[in-house]
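Every read-out reported here was derived from the displayed coordinates using simple, explicitly stated rules and does not represent laboratory data. Bear in mind that the values here come from a model prediction, so they are computed numbers and not experimental data. Every residue, glycine among them, receives a Cβ derived from its backbone with ideal geometry; neighbour counts consider all protein chains shown.
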Amino acid sequence: MVLLLCKHFSEIDECRPNKCLNSLRCIDKFKDYECECMEGWTGKNCDRPCQDIYGSCIIWKREGQCEISPEETAFFLLNCPASCERCVARNDTIKPFDRLPPVLLPLAWMLGEWHTAVEGFNVRSFDYPMDFNATGYNETLTFSVAKPLMFGTPSINFT
């Protein structure tokens, strides 16, 4: 007796819901998608401005670093998209503040100022241990992008 099992593979449109934020179009592929970005944008979802992260990108371009195979390292293509001509830079999409390297994008939600205020001991919903005898404790935490060093580890400043 021979038992045949057939499995039906159905292709899902990975472009739905629209994952490409600043794109001309989304190209559906088998178990993947590709965004065709508008000028001034780059990234898998066209969500990053076309600008270099490191000030050394122009030098690395002259040294041929942009020609290194992405299988070997995608560092230069991800961090120097404008110099490596992966996208077309436009002044209206460039962010004037320090740029967040792609490796730190999952932490972008932390950037900015965070404020906390404790009313006193009658309020019992502390998220951390408190042993203060006084009331009215306030604290401000600031997270900002550190200036990237040449080949240095990207970081976020905390004060």
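Miscellaneous remarks
- At most 16 other Cβ within 10 Å, DSSP loop - chymotrypsin sites (Phe, Trp or Tyr not before Pro), segment 60-117: 97
- Per-residue Cβ neighbour counts within 10 Å put 16, 48, 99 in the sequence 16, 99, 48, beginning with the fewest.
- The alpha-carbon of residue 19 sits under 22 angstrom from the alpha-carbons of these lysines, leaving out residues fewer than 8 places away in its chain: 29, 31, 44, 95.
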